[in-house]
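The structure under discussion appears below in the form of C-alpha cells.
The values are calculated or read from the model by the stated rules, or taken from the named source; none is laboratory data. Computed from a predicted model, the values in this text were never measured in an experiment. Here the Cβ positions follow ideal geometry from the backbone for every residue, glycine too, while neighbour counts run over all protein chains shown. These area figures cover heavy atoms from the full protein model, side chains too; ligands, DNA and RNA do not enter into them. Shrake-Rupley method; radii C 1.70, N 1.55, O 1.52, S 1.80 Å.
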Amino acid sequence: MPGDKSISHRALIMGALAVGRTRIEGLLEGEDVLRTAAAVRALGASAERGRDGAWIVDGVGVGGFAEPGDVLDFGNSGTGIRLMLGALASTPLTAVFTGDASLRRRPMGRVATPLERMGARILARDGDRLPLTLVGASDPLPISYTLPVPSAQVKSAVLLAGLNAPGETRVIEPLATRDHTERMLRHFGATVLTTSRNGGREIRLTGEVELKAHDLVVPGDPSSAAFPTVAALILPGSEIEIAGVSMNELRTGLLITLGEMGARIERVNARVAGGEEVADLVVRASALKGVEVPAERAPSMIDEYPVLAVAAAFGEGRTVMRGLGELRVKESDRLAAVAEGLVACGVAVEIEGDTLTVEGLGGRPRGNAAITARLDHRIAMAFLVMGLAAERPVSIDDGETINTSFPGFVRLMNGLGATIAERKA
C-alpha cells in the first residue's frame, strides 16, 4: 500500500519543526502530501526525495519557519492545510493559504477558532473559507480546548501551535480520534501526556520545546487498503495479501465492522514500525451481512464509509451507519455523494440526519451508472470498486483526484485482475 497519508503529512511538518535531519521511509508521494512538502520548502526548511526513495527533511526548529514569499497552495489537501495553520499559528509571520475548487468550499472555522484563542489572527472569506490570511501570534498563549466535534485535524493543529507557546496546552476530545500526532510528537522528543476521560481523552502538551530530528518509517495506509480489501471481499474466488498496513487501534474501525459483517480477514506478521502497530492482511471473498455501525466508531473509520457502503450493498440485509455528520464537510458532501451513487447503481438507501442506511441485495447490484465523483478521490475509488463486481460496468466522471491519496491505484487494481480503463470520448 502507499504510505499512510495522515502520517506522511505529519512526518514532513514535524521533521521541518525539528532540529537536524530526519529521514522518512515510505512517504506517500500523492499530490496532497507533495503539496505539504512544497509548503515546508516555502517556509525555509528542506524536504527532498533521495535517490534511494527515502525523503530527507532538514528542519528549522520550533518557531523557525520563515515568512513565505508567495501564497501556500494546498490543492485538495484539507489535512495539510489545517495542520500547517497550526504549525504557523504561534510564529510571528504572515502567510496566505489557498487550495483547489473543492478545498475552497470547505469551512476552516473549526480550526480558526482555537488558533485565534492562542493569539493568531485569521482573515477568511465569508463562511470561513479559503483563501485566508494567517497572522501568527507574537506572544502565543496556551489554551485548554474541548473539541465540539471529533476531529484529529483540529486537535493536531492546536497541539502543533502549542509547541511554541509557554506552559501547557490541553485538548479534550469527547470521542477518541486518530492519535498519530501525539505518537509522532513523542517520537521527536516532546512531552505529551494522554489520559482517558469519560470515553474520550485529554491530551496535554508541554510547550516551548525543542524537537530533535528522528528517522521514521511510514506504514501502509489503512484508508487506501480499504479499496482492494472490499474488492476482494465482494468478488467471488478472490484472495489477496496486503503487506505492512497500519493497525493503529484508532484506525481499525473498518476492519472491526467488516469482521462483524462476516468478512474473512486475517491479520498476520504483527509488528511495530516507527511507533505504529503494523500487520499484513490476508483477505478472502466472503458472504457479507448487514450490521449496525455505532456512532462512536466513526472517528476510527471516517474516511472508509464510502467503500463500506459499497460493501454493504453486496451484503445480505440492512446496514445502518450512524454518526456520519463529518462526511458532509469532507472533499465533498460524501454522505450525499454515496447515497446518490448507490441509488444510481440500483441500491436502496435512506439518509436521516447523520445516519445512512443501505439495503443490501445479498448479491450483485445492477451497476450501469455514471457516477459524479465531485472531485473526491474516495468517492471515485469506492464506485470503481463497485463496478468490479456489479452486473454491469460503473463509470466515474473524473479520476484525476485519485492521485491525491493513492497514486498507482488503477495499475495496482488491474494487476490484481480488475479492468479499469479510461473511457474514450
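Below, the figures for the structure above:
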| quantity | calculated |
| --- | --- |
| Farthest toward positive dipole pole in the stretch 103-154 [+1 Lys/Arg, -1 Asp/Glu at C-beta], among 152, 123, 107 | 107 |
| Packing-based order for 124-135, 27-38, using average beta carbon neighbours within 10 Å, highest first | 27-38, 124-135 |
| The stretch 96-232 - accessible surface per residue (Å², probe 1.4 Å) | 37 |
| Kirkwood hydrodynamic radius over Cα pairs of the stretch 179-256, then Stokes diffusion coefficient at 37 °C and 0.692 mPa s, in µm²/s | 213 |
| J(HN,Hα) series, the stretch 170-177, from Karplus relation 6.51 cos²θ - 1.76 cosθ + 1.60, nearest Hz, glycine and proline x | 10, 10, 10, 10, x, 10, 5, 10 |
| Positive minus negative residues near residue 164 (Lys, Arg vs Asp, Glu; Cβ under 13 Å) | -3 |
| Environment charge at residue 292 (Cβ cut-off 15 Å; Lys +1, Arg +1, Asp -1, Glu -1) | -3 |
| CD proxy at 222 nm, helix term only [per DSSP H run n ≥ 4: -39500 (n - 2.57); per residue of the chain; nearest 500] | -9000 deg cm²/dmol |
| Per residue Cα convex hull volume in Å³ - calculated over the stretch 265-329 | 112 |
| The stretch 344-425 - percent relative contact order, Cα under 8 Å, separation 6 or more | 24 |
| Contact order normalised by residue count of the stretch 222-279, Cα under 8 Å, 6+ apart, percent | 37 |
| For the chain, with +1 on Lys and Arg beta carbons and -1 on Asp and Glu, the positive-most of 200, 270, 132 along the dipole | 200 |
| Estimated distance in nm for a label pair at residue 212 and residue 191, the labels positioned 7 Å out from Cα along Cα-to-Cβ | 1.5 |
| Centre separation in Å (Cα based) which lies between the stretch 214-253 and the stretch 270-297 | 8 |
| Correct option for semi-axes √(5λ) of the Cα gyration tensor in Å [calculated from the coordinates] among (1) 37, 31, 19; (2) 36, 22, 21; (3) 41, 27, 18 | (2) |
| Kirkwood Rh (inverse of mean 1/r, distinct Cα pairs), the stretch 201-345, angstrom | 16.7 |
| Equivalent ellipsoid dimensions for the stretch 316-417 as semi-axes, Å, which come from the Cα gyration tensor, largest first | 22, 18, 11 |
| Mean separation of Cα contacts under 8 Å (6+ apart) over length of the chain, as relative contact order % | 13 |
| Within the chain: Cβ-based charge dipole about Cα centre, in debye rounded to nearest 20 (Lys, Arg +1; Asp, Glu -1) | 100 |
| Peptide ranges 380-387, 409-416, 392-399, 252-259 listed from the most packed, as the mean C-beta count within 10 angstrom indicates | 380-387, 252-259, 392-399, 409-416 |
| 5 angstrom amide H check on residue 318, placed H, neighbours 5+ away | 290, 360 |
| Under-5 Å amide H pairs with residue 197, H placed in peptide plane, nonlocal only | 202 |
| 3J(HN,Hα) from dihedral phi, the stretch 209-219, Karplus parametrisation 6.51/-1.76/1.60, rounded to Hz, x for glycine, proline | 10, 9, 7, 10, 4, 8, 5, 7, 10, 8, x |
| Using θ = phi - 60° and Karplus 6.51 cos²θ - 1.76 cosθ + 1.60, couplings along the stretch 19-36 (whole Hz; Gly, Pro as x) | 9, x, 10, 10, 10, 10, 9, x, 4, 5, 9, x, 4, 4, 5, 5, 5, 5 |
| Shape box of the stretch 385-425 [Cα atoms, principal axes, largest first, Å] | 29, 26, 17 |
| Hydrodynamic radius of the stretch 1-113 per Kirkwood, over alpha carbon pairs, in Å | 14.1 |
| Alpha carbon centroid spacing (whole Å) that separates the stretch 38-75 from the stretch 115-189 | 20 |
| Placed amide H near residue 130: partners under 5 Å, 5+ positions off or other chain | 106 |
